[in-house]
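Since the structure comes first, as structure tokens, the remarks are kept for the end.
The values are calculated or read from the model by the stated rules, or taken from the named source; none is laboratory data. Being a predicted model, the structure only gives us computed values, none of them experimental. When we count neighbours, we look across all protein chains shown, and the Cβ atoms used for this are built from the backbone with ideal geometry, even at glycine. These accessible areas exclude ligands, DNA and RNA; they are computed on the full protein's heavy atoms, side chains included. Shrake-Rupley method; radii C 1.70, N 1.55, O 1.52, S 1.80 Å.
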Amino acid sequence: MKPILTAFERSPDRGRGLARDVRVRWALEEAGVDYDVRLLSFEAMKQPAHLALHPFGQIPTYEDDERVLFESGAIVLHLAEHHPGLLPADAAARARAVAWLFAALNTVEPPIVERGMALLFERDQPWYAERMPMLEQRVDMRLAQLSARLGDADWLDGAFSAGDLMMVSVLLRLGRPGPLDAYPNLSAYVARGEARPTYRRAFAEQLAVFNRSADPSG
């Protein structure tokens, strides 16, 4: 069977490519793997059938003939390990690419998500004005470190890899205009990722799902 990816029936990101299924769609496109998508409502995500695939009732999940996986990072890593194009052949370079994938998820994404949640849900709270400078500072620290490491290179460590795929996906959550504007090399880095035909196809697929869900004519 073709692999099956689960995704939002009506994405809360309004088709902007920020839902985590887009990372997996992009990896599948990079790997040249044909796949199917099972769309889920928020209600369906909390039902036993989906909880059997993802114990926390989220998306994405990935199913093929041999396995069921959850967590976008785990799925992207699995695809990268089993299909050419997302990890270098050299063992040391391969390990570094995996390290960048984890750095994107564990070091760079958490302060970005915390900032985003505050912007969305805490604006009317009395602590918002005092808390936001701290959150912005945390994000800026990571961006400064990443910018220094990237320098004038196209990608983080040689050729494009799963580490870049994940890092670009994480940085996209900052939006435009936003904190990336202070780092031209990171802005250009993200733009290179977005320009890849594989990313454009993944983005278009998610946007098409949202547009269909938002069309009152069905």
Q: Run down Leu101, Leu77, Leu105 and say which single residue is under 15 Å from the mean Cα position of the chain (by Cα) and open to solvent by less than 20 Å² (accessible area, probe 1.4 Å).
A: Leu101
Q. Can you tell me which residues in region 108-121 are under 16 Å from Arg23 (Cα atoms) and either open to solvent by 90 Å² or more (accessible area, probe 1.4 Å) or at pLDDT below 95 (or both)?
A. Val113
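Determine whether Leu135 is surrounded by 15 or more Cβ atoms within 10 Å (Cβ to Cβ) and not in a helix (DSSP H, G or I). So that I can check it myself, show each step before the final result.
Numbers: surrounded by 15 or more Cβ atoms within 10 Å (Cβ to Cβ): yes; not in a helix (DSSP H, G or I): no.
So Leu135 fails the test.
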Q | Subset of region 138-151 (residues that are more than 15 Å from Leu165 (Cα to Cα), out of contact with any Pro (no Cβ under 7 Å at 6 or more places or on another chain) and not in a loop (DSSP other than H, G, I, E, B)) | A | Met141, Ala144, Gln145, Ser147, Ala148, Arg149
Q. Could we say that Val209 is closer than 23 Å to Gly32 by Cβ, of a type outside the set (S, T, N, Q) and under 12 Å from the mean Cα position of the chain (by Cα) here?
A. no
(Q) Scan region 171-193 and tell me whether some residue there is in contact (Cβ under 8 Å) with a residue 24 or more places away in the chain and not in a helix (DSSP H, G or I). (A) yes
Q | Only one of Phe8, Phe56 that is more than 17 Å from Val168 (Cα to Cα), in contact (Cβ under 8 Å) with a residue 12 or more places away in the chain and open to solvent by less than 70 Å² (accessible area, probe 1.4 Å) | A | Phe8
Q) When region 181-206 is examined, which residues are found to be more than 28 Å from Tyr35 (Cβ to Cβ) and open to solvent by less than 10 Å² (accessible area, probe 1.4 Å)? A) Leu186
(Q) in contact (Cβ under 8 Å) with a residue 60 or more places away in the chain and surrounded by fewer than 12 Cβ atoms within 10 Å (Cβ to Cβ): which single residue out of Asp124, Asp65, Asp90 fits that description? (A) Asp65
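Do you know which residues across region 152-170 are in contact (Cβ under 8 Å) with a residue 40 or more places away in the chain, part of a helix (DSSP H, G or I) and either open to solvent by less than 10 Å² (accessible area, probe 1.4 Å) or farther than 21 Å from Pro110 by Cβ (or both)? Spell out the reasoning first.
Narrowing region 152-170 to residues in contact (Cβ under 8 Å) with a residue 40 or more places away in the chain: 156-159, 161-167, 169-170.
With the extra rule that they be part of a helix (DSSP H, G or I), the set shrinks to 162-167, 169-170.
Those that are in contact (Cβ under 8 Å) with a residue 40 or more places away in the chain, part of a helix (DSSP H, G or I) and either open to solvent by less than 10 Å² (accessible area, probe 1.4 Å) or farther than 21 Å from Pro110 by Cβ (or both): Ala162, Gly163, Asp164, Leu165, Met166, Met167, Val170.
What are the residues in region 20-37 that are open to solvent by 10 Å² or more (accessible area, probe 1.4 Å) and touching a Phe, Trp or Tyr at 6+ places or on another chain (Cβ under 8 Å), if any? Can you show your working first?
The initial filter retains those residues of region 20-37 that are open to solvent by 10 Å² or more (accessible area, probe 1.4 Å), namely 20, 29-37.
The one that is open to solvent by 10 Å² or more (accessible area, probe 1.4 Å) and touching a Phe, Trp or Tyr at 6+ places or on another chain (Cβ under 8 Å): Glu29.
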(Q) Among (1) open to solvent by 40 Å² or more (accessible area, probe 1.4 Å); (2) at pLDDT 85 or above, there is one condition Ala129 misses while meeting the rest; what is its number? (A) (2)
